[in-house]
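Below is one structure, written out as structure tokens; the observations come after it.
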Amino acid sequence: MMAAMIADPESRTEARERTPMTANAGGGRLVVDALKKDYELDGAAVPVVKDVTFTIEPGTFYSLLGPSGCGKTTTLRCVAGLERSNGGVISLDGGVLSTGTQHVSPDKRDIGMVFQNYAIWPHMTVFANAIFPLQVAGSRLPKQEAKKRAMEALELVQLDHLAQRPATALSGGQQQRLALARALAHRPRLLLLDEPLSNLDAKLRDTMRNELRSLQRSLGISALYVTHDQSEALSMSDRVAVMNGGRIVQEAAPRELYDQPADRFVADFVGRVNMVPARVVDRDGSGDAVVEALGTRLHTPVPDGVTAGDEVTLTLRPEAVRWHETAVERPNVVPVRIVRVEFLGEIVEYEAEVLAGGETVGTIVGRGAPLATPPEGGRVFLELVPHACRVLAA
């Protein structure tokens with residue numbers, strides 16, 4: 001597989017010696033500053049992208065993550081030059097691509113793009129698709145150099161042996177690779193990817209996700225990736241920006257984004273999460289807060305600025321919940337009744353009603369290995385691991 005080939009250091013060195021593209025390619029530095037984009041609706045301007053600012057350092061894999069309609073694809077299209085912005089500045093390696101009044105055409109931006117539907121030319125061969133961007137008007141490459149670059153791009157994605165096959169005879173995964181080869185053929189400084197894996201089945205999507213990330217690292221190219229799939233963004237990215245309502249609401253490394261969400265939207269959108277209303281009542285000896293929640297007092301870290309008496313939301317990922325058959329002498333242990341157990345293959349998810357004084361005071365969802373599953377209908381104890389809890393201020 002391509003992923004294995006590129007991941008191995010010796011194979012990567014051989015690929016550089018064999019393929020000049022790999023040695024010559026490099027990542028550009030993209031800066032998007034206060035980007036704005038409006039659409040007209042019934043004669044009125046509707047803001048879609050609102051003061052979006054971010055920087056992609058050379059060789060970085062950067063993802064825009066968010067629900068449909070949040071502005072992530074419009075942002076990418078503005079970077080590509082397919083949309084004209086209404087304000088802000090987009091620059092690549094210091095060269096201005098777009099302002100509210102200035103607009104460099106897409107073909108002059110030194111950017112490669114892979115679309116959601118691949119946009120493969122069905123009447124062409126694999127090779128003809130790969131070389132097409134090098135033959136369009138404005139390209140000054142000699143014919144032999146264009147052929148060489150097209151074959152190098154196909155070799156990178158392991159389609160060189162299918163160069164003369166009709167594009168329509170490719171599988172979905174092969175079409176995705178061809179779209180990637182076509183985007184890389186002219187050796188761009190920035191690669192844009194608009195949900196390129198969404199049309200693949202689950203298993204192939206996982207495979208292509210690994211291969212795409214390995215290829216990006218091997219080439220050292222900068223990449224801007226748009227997706228609504230949080231697992232894609234977390235597994236592939238160096239940095240992730242979560243968008244909502246046309247704005248970036250949090251930007252961070254994947255682990256930080258998952259473990260320390262900035263607000264309820266990010267916590268809920270990036271993975272599964274338990275959200276429990278709580279009130280801060282005190283501090284414990286370690287400096288953590290003591291909060292009233294689920295009919296008891298729980299210990300949890302708190303962000304700066306949260307004080308006693310504040311109404312907050314306590315968040316906890318399902319995988320940070322542990323169950324015990326009997327009570328244990330640890331903080332944050334609550335009695336529960338298991339009301340649902342669902343086998344999901346790699347994991348088991350269970351839902352529990354938290355009990356206090358014989359009454360149900362809330363629900364908690366946990367996840368664990370199938371070999372250790374709480375009994376449905378049984379009464380057990382849940383440990384809400386204190387340092388996996390997070391407090392979000394109201």
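The values are calculated or read from the model by the stated rules, or taken from the named source; none is laboratory data. Computed from a predicted structure; not experimentally measured. Cβ sites come from the backbone with ideal geometry, for glycine too, and all protein chains shown count toward neighbours. Just so you know, the surface numbers come from the protein's heavy atoms only, side chains and all, with ligands and any DNA or RNA stripped out. Shrake-Rupley method; radii C 1.70, N 1.55, O 1.52, S 1.80 Å.
From the list Ala146, Ala130, the one residue that fits, being open to solvent by less than 10 Å² (accessible area, probe 1.4 Å), within 23 Å of Leu200 (Cβ to Cβ) and either outside any helix (DSSP H, G or I) or not basic (Lys, Arg) (or both), is Ala130.
Reported count of residues in the range 274-284, each being in contact with a Pro (Cβ under 9 Å, 6 or more places away or on another chain) and either at pLDDT below 95 or farther than 11 Å from Thr315 by Cβ (or both), is 1. Step by step: first the residues of the range 67-93, then only those that are touching a helix residue (DSSP H, G or I) at 6+ places or on another chain (Cβ under 7 Å) and closer than 13 Å to Asp38 by Cα, then the one that is surrounded by the fewest Cβ atoms within 10 Å (Cβ to Cβ). Which residue is that? Taking the candidates together, the pick is Glu83.
Listed by first and then second residue, the pairs with beta-carbon distance under 7 Å, at least 6 apart or on different chains, first residue in the range 240-252 and on the phi < 0 side of the Ramachandran plot and among the polar types (S, T, N, Q), second part of a strand (DSSP E or B) and modelled with pLDDT of 95 or more, are Gln250/Val242. Looking at Val270, Val240, Val266, can you tell me which residue is open to solvent by less than 50 Å² (accessible area, probe 1.4 Å) and either closer than 16 Å to Leu30 by Cβ or out of contact with any helix residue (DSSP H, G or I) (no Cβ under 9 Å at 6 or more places or on another chain) (or both)? The unique qualifying residue is Val240.
May I ask you to list the residues in the range 188-235 that are more than 14 Å from the chain's Cα centre (by Cα), open to solvent by less than 50 Å² (accessible area, probe 1.4 Å) and either of a type in the set (Lys, Arg) or at positive phi (or both)? Matches in the range 188-235: Gly220 only.
Of the strands (runs of 3 or more DSSP E) lying entirely inside the range 165-252, those containing at least 1 residues that are modelled with pLDDT of 90 or more and within 28 Å of Ala150 (Cβ to Cβ) are 190-194, 222-227.
Starting from the range 167-192, keep only residues that are under 11 Å from Val114 (Cα atoms) and of a type outside the set (A, V, I, L, M), then list their pairs with residues that are at pLDDT 90 or above and assigned to a strand (DSSP E or B) whose Cβ atoms are within a distance under 9 Å, requiring at least 6 positions of separation or different chains. Sorted first by the residue in the range 167-192, then by its partner, the pairs are Gln176/Val114; Arg182/Gly112; Arg182/Val114. Residues that are basic (Lys, Arg) and closer than 14 Å to Gly368 by Cβ were ranked within the range 317-339; the one that is nearest to the chain's Cα centre (by Cα) is Arg317. The criterion of being under 28 Å from Gly271 (Cβ atoms), within 25 Å of the chain's Cα centre (by Cα) and buried (at least 20 other Cβ atoms within 10 Å of the Cβ) holds for Leu64. Of the residues making up the range 152-186, those that are basic (Lys, Arg) and more than 22 Å from the chain's Cα centre (by Cα) are Arg165, Arg182. For first residues located in the range 257-270 and in contact (Cβ under 8 Å) with a residue 60 or more places away in the chain and among the aromatic types (Phe, Trp, Tyr), partners that are surrounded by 15 or more Cβ atoms within 10 Å (Cβ to Cβ) and outside any loop (DSSP other than H, G, I, E, B) and lie 6+ apart or on another chain with Cβ distances below 8 Å form the pairs Phe269/Leu65; Phe269/Gln230; Phe269/Val242; Phe269/Asn244. If we keep just the residues of the range 36-53 that are among the charged types (D, E, K, R) and in contact (Cβ under 8 Å) with a residue 40 or more places away in the chain, which is least open to solvent (accessible area, probe 1.4 Å)? Selected residue: Lys37.
Inside the range 43-58, residues that are at pLDDT 95 or above and not in a strand (DSSP E or B) make up a count of 2.
Considering the range 273-289, the residues that are over 24 Å from Ala252 (Cβ atoms) and among the charged types (D, E, K, R) include one that is least open to solvent (accessible area, probe 1.4 Å), namely Asp284.
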